[in-house]
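What follows is one structure encoded as structure tokens, with my remarks underneath.
Readers should treat all values here as calculations from the given coordinates under stated rules, not as data from a laboratory. Just so it is clear, the model here is predicted, and its values are computed rather than measured. Counting neighbours? That spans all protein chains shown, and the Cβs are built from the backbone with ideal geometry, glycine included.
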Amino acid sequence: MKRLKRLIPFLLIIMVFLGGCSPNSQTTTAESTAEAVTETTAVLSAVVSPTSTVVVDPEFTDRDLETSYDDATAVQVTLDGGTIQVSGDGATASNGVLTITKEGTYVVTGNLSDGQIVVAAADTDKIQIVLSGATINCSDNAPIYVKSADKVFITLAANTVNTLTDGGAYVQTDENTVDGVIFSKADLTINGEGTLNITTDVNHGIVSKDDLVITGGIINIASANDGLNGKNCVKIKDGLISINSSDGKGITSKNADDSTKGHVYIAGGTITISNSFEGIEGTVIIVEGGTVDITAEDDGFNGSNAMTSANDTGGRGGAMENDANVYVSIAGGTIHVNASGDGLDSNGNLYISGGTIYVSGPTSNGDGALDYNGTADVSGGTVVIAGSTGMAQSFSETSTQVSLLYNLTSSCAAGTEIKLTDDSGKTVVTYTPDKTYQSVVISSPDLAQGSTYTLTCGSQTVEIPLTGVVISNGQTGMGEPGQGGQSQPGQSGQRP
């Protein structure tokens, strides 16, 4: 102990030397360390499936969030019709192609009528491309093509509009199959405060064969295929994102080569998928915040892995077995789904622990507004789901928050309000679906077991006593009729 006391002054001197010349520097270093620990130990608030091997990383690094740059030291790139001017080291221009080969920041302005930006740097290099009023069209390939790098950051400069377009089918120039307006073989982050417009009549919008991260910006994508496609993951923290993917998925992440990857994680932002075949698809889908509005020809949320969905031709795809690696988990945010196929669909488990969720599901009896192959546990949040009766499911009996499923005697037209009131007449939830419906699923923290509620859908009114955690007059799980001691209002003469 005496020897340790003698060492303390010397240790303090060393700490001051390493941390700076003053005690304040030591404090700053300690604070920075604490911040770093907080970032690297970020944890999910959403429920995680105990059977899934997919590793979901909720962290957004400082570099993901950093949008500033030193304009004086950055390489300046000026696009001028068919020519490119470069001021600085690390990039060259030839025949309408800007090739970036070294770590650094590259500020791009101007208009390129037919050409592209290619990143071909070392796999240890981090590249920042600042789009500052840049318009790039590439007739036969991706306007931005990242062949190699450690990580690429595309920063959208504040108060600028940037536009990327292509000419249709791509001519492949190497072993990679380039199929997105922005195509990256490395981790890709998009941030900033500017606007990015992407248009393609044939291809995907943004593709990363690694991680795809978005932390800001106004991003408008009109694509024939997927809007956002990240092989390892798609992570969104902030931004205003609008996607019209006529024949593809709005947002998707799947990895057929690694069962630990392939997740979509949404922590914030405003996401509008106005047109899609499937809205959001991934082996794992997690929403903890933000606003999500989806219109889908098939499924709104589709939890499925790359292997079982390879032969999926749409709809339920014939896959009825529980996939232990797949799950959908919603813990926050506001979600609106308008789906012609399944509304919330998981080929594995589904968890809702928070947020506000409204689903206007299918009118066909071959799909379900709520569809899952494992269990569907609700423990929080407000949920109103409307759809057809044929494949309607309620939440699982393992839930801890009260829910009800009620199949009406006749269908209600689109625009007919769903209203649930308590025994004092107070409104618990309301929702007006976009399409015809006959089945309703409701869960809310304001529902109390042992109380009776009144469900009103247009001219149909029914009193429903909540005698259990899950109340249903239809299916309670995998196509099985209500059982297990549950109250079945319709069978008690209480149908409207």
- Distance in nm between label sites at ASP247 and VAL48, each 7 Å beyond Cα in the beta-carbon direction? 3.9 nm
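Assuming R0 = 25 Å, what is the FRET efficiency of ASP89 and ASN197, from their Cβ-Cβ distance, to the nearest 0.05?
Values: r = 31 Å, r/R0 = 1.22.
The pair ASP89/ASN197 has a calculated efficiency of 0.25.
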- Message: If you take every residue apart from THR356 with its C-beta less than 15 Å away from the C-beta of THR356, what net charge results, scoring Lys and Arg +1 and Asp and Glu -1?
- Response: -3
- Using the reciprocal of the averaged 1/r over all distinct C-alpha pairs, how large is the Kirkwood radius of segment 163-280 in Å? 14.0 Å
- Given charges of +1 on the Cβ of Lys and Arg and -1 on the Cβ of Asp and Glu, with all other atoms neutral, how large is the dipole of segment 44-108 about its Cα centre, in debye to the nearest 20? 240 debye
- Query: Near the amide H of ILE144, under 5 Å away, which other amide H atoms are found, from residues 5 or more places off or on another chain, if H is placed in the peptide plane?
  - Reply: ILE117, PHE183
- Query: Once the convex hull of the C-alpha atoms of segment 63-125 is built, how many Å³ does it hold per residue, rounded to a whole number?
  - Reply: 96 Å³
- Taking a crude spin-label model, label points 7 Å out from Cα along the C-beta direction, the ALA120 to SER424 distance in nm is 7.2 nm
- Message: Apply the Karplus curve 6.51 cos²θ - 1.76 cosθ + 1.60, θ = phi - 60°, to the phi angles in segment 325-334 and return the couplings in whole Hz, x for Gly and Pro.
- Response: 8, 9, 7, 10, 9, 10, 10, x, x, 10
- SER259 to THR461: extension gain in nm, 0.36 nm per residue of separation minus the Cα-Cα distance? 68.0 nm
- Report ³J(HN,Hα) in whole Hz for each residue of segment 369-380, in order, from the Karplus equation J = 6.51 cos²θ - 1.76 cosθ + 1.60 where θ = phi - 60°; Gly and Pro get x. 5, 10, 9, 8, 9, x, 10, 10, 9, 10, 10, x
- Considering only DSSP beta bridges with both partners in segment 363-473, what is the antiparallel share in %, to the nearest 5? 90 percent
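Placing +1 at every Lys and Arg Cβ and -1 at every Asp and Glu Cβ, with all other atoms neutral, what dipole size does segment 378-460 have around its Cα centre, in debye to the nearest 20?
Numbers: 3 positive and 6 negative charges, 29 e Å.
Roughly 140 debye for segment 378-460.
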- Query: So how do 172-178, 354-360 stack up, highest first, on mean other-Cβ count within 10 Å?
  - Reply: 354-360, 172-178
- Task: Find the centroid of the Cα atoms in segment 89-128 and in segment 333-389, then give the distance between the two in whole Å.
- Result: 44 Å
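Distance cut-off 29 Å, Cα to Cα: go down the list LYS209/LYS435; LYS126/LYS231; LYS147/LYS235; LYS147/LYS249 and report the pairs above it. Present the calculation step by step, with values, prior to reporting the outcome.
On the way: LYS209/LYS435 37 Å; LYS126/LYS231 20 Å; LYS147/LYS235 21 Å; LYS147/LYS249 24 Å.
Correct reply: LYS209/LYS435.
Please work out the FRET efficiency for the pair ALA414 and GLN449, using the Cβ-Cβ distance as r and a Förster radius of 41 Å; give the result to the nearest 0.05.
Values: r = 32 Å, r/R0 = 0.79.
The pair ALA414/GLN449 has a calculated efficiency of 0.80.
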- Could you work out how far apart the two model spin labels at SER68 and MET320 are, taking each label as a point 7 Å from the Cα in the direction of the beta carbon, and quote it in nm? 6.0 nm
- Query: Based on the Cβ-Cβ distance from THR61 to VAL171, what FRET efficiency comes out when R0 is 30 Å, to the nearest 0.05?
  - Reply: 0.25
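In which sequence would LYS254, LYS426 go, from the one with the fewest C-beta neighbours within 10 Å to the one with the most?
On the way: LYS254 23, LYS426 8.
Fewest-to-most ranking of LYS254, LYS426: LYS426, LYS254.
Give me the dipole magnitude in Debye, nearest 20, for segment 109-173 about the Cα centre, with unit charges on the beta carbon: positive for Lys and Arg, negative for Asp and Glu. All intermediate terms of the calculation are to be shown ahead of the outcome.
Working: 3 positive and 6 negative charges, 32 e Å.
Dipole magnitude for segment 109-173 comes out near 160 debye.
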- Query: So what are the ³J(HN,Hα) numbers for segment 388-398, from phi and the Karplus equation (6.51, -1.76, 1.60; θ = phi - 60°), rounded to whole Hz, Gly and Pro as x?
  - Reply: 7, 8, x, 10, 5, 10, 9, 6, 7, 5, 7
